[in-house]
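Working notes, structure below.
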Amino acid sequence: MTIKLSQCVVCGHKALSNSMESMEIEENGKKFTIEKIPAQKCSCGEVYIDAAASKYIDKQLENFRK
Ligand SMILES: [Zn+2]
């Protein structure tokens, strides 16, 4: 399922900008940071991640759990 966002669902703003996000995950007391996640960000601070990016996150998590 791929949804192409053209508008922020939180504030309705139409100009989402590309950004690189990082995400911190804590699992079993271990901290792991995933960096350079391609995302779209609204000026209200809401971040949208597409299917390719969530696959990338899954992959990084897999590596982390090994
Ligand atoms: Zn917004």
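The values are calculated or read from the model by the stated rules, or taken from the named source; none is laboratory data. Small disclaimer: the values here were computed from a predicted structure and weren't measured. Don't worry about glycine lacking a Cβ; one is built from the backbone with ideal geometry, like all the others, and counts go over all protein chains shown. Just the protein is used for accessible areas: all its heavy atoms, side chains included, with ligands, DNA and RNA removed. Shrake-Rupley method; radii C 1.70, N 1.55, O 1.52, S 1.80 Å.
Among the residues of the range 3-46, write down those that are open to solvent by 50 Å² or more (accessible area, probe 1.4 Å), assigned to a strand (DSSP E or B) and within 13 Å of the ligand (Cβ to nearest atom). Scanning the range 3-46 gives S17, K41.
Considering only residues in the range 47-62 that are within 16 Å of the ligand (Cβ to nearest atom) and among the hydrophobic types (A, V, I, L, M, F, W, C), the one that is surrounded by the fewest Cβ atoms within 10 Å (Cβ to Cβ) turns out to be V47.
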